[in-house]
1. Name the pairs: first residue in region 57-69 and free of Cβ contacts under 8 Å to residues at least 40 places away in the same chain and among the aromatic types (Phe, Trp, Tyr), second residue in a helix (DSSP H, G or I) and surrounded by 13 or more Cβ atoms within 10 Å (Cβ to Cβ), Cβ to Cβ under 9 Å, at least 6 apart or on different chains?
2. Which count do you get for residues in region 84-135 that are small (Gly, Ala, Ser) and over 26 Å from the mean Cα position of the chain (by Cα)?
3. Take Ser65 and tell me if it is closer than 24 Å to Arg83 by Cβ, among the polar types (S, T, N, Q) and at pLDDT 50 or above.
4. Only one of Leu30, Leu38, Leu80 is more than 22 Å from Asp116 (Cα to Cα) and modelled with pLDDT of 75 or more; which?
Amino acid sequence: MVTPVGAAGTGYTPTVSGTESGSDASKATLNYESFLKLLVAQLKNQDPTEPMDPTQQMAQLATFSQVEQTIKTNKNLESLLQRTSLQEANAVIGRTVTSDDGKISGVVKEVTLYTDGIVATLESGKKLVIGPGVKVS
């Protein structure tokens with residue numbers, strides 16, 4: 001069983017989806033919306049006797065398009081990373097894991113996927129963070 005939850009041990013449970021999440025996406029959306037509002041305000045309030053230079057206007061529209069594409073790319077990348085993490089978590093269920101120092105070892109009964117890593121619950125009830133140095137066999 002793979003359970004996605006927030007940062008290890010915090011008890012926070014986010015919704016896992018292919019949509020934006022986290023403060024970075026919120027900031028990007030805020031910047032995107034702010035940019036659009038500023039551009040519209042600038043167009044509305046320009047002096048009709050001295051309109052905006054068309055070259056500047058095209059540069060701003062190009063920037064607007066780049067911001068939009070970057071947000072879409074980030075959403076797709078985050079979705080891909082979530083799927084990869086779920087596949088990695090699923091791959092250790094039923095397998096034997098051993099900690100780097102060899103003190104904890106056992107068969108993985110269930111896996112909890114946190115935003116900062118994977119924690120395996122062994123059949124013995126012990127928990128082990130799956131990370132560098134952990135052997136999976």
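The values are calculated or read from the model by the stated rules, or taken from the named source; none is laboratory data. Note that this is a predicted model, so its numbers are computed, not measured. Note: ideal-geometry Cβ built from the backbone for every residue, glycine included; neighbour counts use all protein chains shown.
1. Once the first residue is free of Cβ contacts under 8 Å to residues at least 40 places away in the same chain and among the aromatic types (Phe, Trp, Tyr) and sits in region 57-69, its partners that are in a helix (DSSP H, G or I) and surrounded by 13 or more Cβ atoms within 10 Å (Cβ to Cβ) give Phe64/Tyr32; Phe64/Phe35; Phe64/Leu36; Phe64/Leu39.
2. 7
3. Details: closer than 24 Å to Arg83 by Cβ: no; among the polar types (S, T, N, Q): yes; at pLDDT 50 or above: yes.
For Ser65, the condition - closer than 24 Å to Arg83 by Cβ, among the polar types (S, T, N, Q) and at pLDDT 50 or above - is not met.
4. Leu38
Quick grid of which residues meet (1) out of contact with any Gly (no Cβ under 9 Å at 6 or more places or on another chain); (2) modelled with pLDDT of 90 or more; (3) surrounded by 14 or more Cβ atoms within 10 Å (Cβ to Cβ); (4) not charged (D, E, K, R):
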residue	(1), (2), (3), (4)
Gln87	yes, no, no, yes
Val107	no, yes, yes, yes
Val129	no, no, yes, yes
Pro132	yes, no, no, yes
